[in-house]
Amino acid sequence: MVLGVDVGGTKIAVAAVTGMAAVHGVEHPTVIDSTEALLAGLEAAVREVIEDTGQPEAIGVGVPSQVEYATGRVETSVNIPLEGVPLREELGRRFGVPVFVDNDANCAALAEAHILGENDLVMLTLGTGVGGGVVTRGLTFRGANGLGAELGHFTLNPDGPPCPGNCPNRGCLEAYCSGQALERDATELAQDKPGSRLSESLGPDGKVNGHDLVEAAEQGDPDATLVFDNFARMLGVAIAGYVNVFEPDRLAIGGGVSRASHLFLERAEREAATRALPALWRRVTIALAQGGADAGVIGAGVLAAQEIKGITTPLRDTAIGHSMTTEGSE
Ligand SMILES: [Zn+2]
């Protein structure tokens, strides 16, 4: 039995993961006042589940941060105070079992692949930013140090808008297909067109929020529709690129913005169909993520289960898996 932990900006979810099911789940609000408070909250949530399930064999943790996978050290973390924290070591010490820490988008992609039984999958998580995950032959692709695959920061337009993420680039996928990008585009249009429907949605913060934008688009407002058309076009360009590079069986679209997929996904698929290499396009399925609310927890659990079974890709990971197993049993 393994535990999966999904650390989000607002809540920490923990559950025991057996096969594809998350059981004995708990959710606690994420305390972001300080690193110590965050870790204490995380520990309390995990201990609550352990009281029901007993000591797990391992714990997988997904965090909204860049993680050096082999060491489990958090490299950068914008929304929660984990930057520089050796999370794998710290949690391993607290719980006395092997701990594996990965980026949350990687965990979501792993969950999606395992839930659907897909071995080769690319997932884009469209939220405030854009997360990406690549599963190849059933395993997470992470690059040399575990910091990949940041699919959201692939350049679509070198002269595009500044990336809203923790990123020096312009015109990344995240600069076009994130919640922040939608709000930026809607706000700019609203400011340019006084008296328009969107301009009436400008809030006290001077911005049009995503909810109002979606509502306007659903009611056929031409400005809101234009924002989603541009979004869909750029998403389609990115989808075609990722299909060409990775040749997945499935490219899944998840994240909070995907709840508005009726406003962009068909259009994005049409765009991608005109751009992707035909032999690859014929063989790929583009679909909304099926993992649901538990995907983050399940992905973290699958990760831990793979690691303790020694099913890992690079040599580096295997070596670490061993040393952690030893450490945990000391
Ligand atoms: Zn970027």
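General observations
- Candidates Ala108, Ala44: the one that is surrounded by fewer than 16 Cβ atoms within 10 Å (Cβ to Cβ), of a type in the set (Gly, Ala, Ser) and in contact with a strand residue (DSSP E or B) (Cβ under 8 Å, 6 or more places away or on another chain) is Ala44.
- Scanning region 126-140 finds no residues that are in a strand (DSSP E or B), surrounded by fewer than 17 Cβ atoms within 10 Å (Cβ to Cβ) and either in contact with a Gly (Cβ under 6 Å, 6 or more places away or on another chain) or free of Cβ contacts under 8 Å to residues at least 12 places away in the same chain (or both).
Residue-wise test of (1) more than 27 Å from Ile115 (Cα to Cα); (2) at pLDDT 95 or above; (3) more than 19 Å from the chain's Cα centre (by Cα).
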| site | (1), (2), (3) |
| --- | --- |
| Val2 | no, yes, yes |
| Gly19 | no, no, yes |
| Thr30 | no, yes, no |
| Asn79 | yes, no, no |
| Val85 | yes, yes, yes |
| Phe95 | yes, yes, yes |
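- The residues on offer are Leu151, Leu147, and the sole one that is within 16 Å of the ligand (Cβ to nearest atom), within 17 Å of Asp102 (Cβ to Cβ) and in contact with a helix residue (DSSP H, G or I) (Cβ under 9 Å, 6 or more places away or on another chain) is Leu151.
- For beta carbons closer than 7 Å, sequence separation of 6+ or different chains, a first residue in region 156-168 that is closer than 17 Å to Arg184 by Cα and a second that is within 8 Å of the ligand (Cβ to nearest atom) and among the aliphatic types (A, V, I, L, M), the qualifying pairs are Gly160/Ala175; Pro161/Ala175; Pro162/Ala175; Cys163/Ala175; Pro164/Ala175.
- Of residues in region 167-192 being more than 8 Å from the ligand (Cβ to nearest atom) and of a type in the set (S, T, N, Q), the one surrounded by the most Cβ atoms within 10 Å (Cβ to Cβ): Ser178
The values are calculated or read from the model by the stated rules, or taken from the named source; none is laboratory data. It should be emphasised that the depicted structure is a prediction, and the values quoted were computed from it without experimental measurement. Cβ: placed from backbone, ideal geometry, glycine included. Neighbour counts: every protein chain shown.
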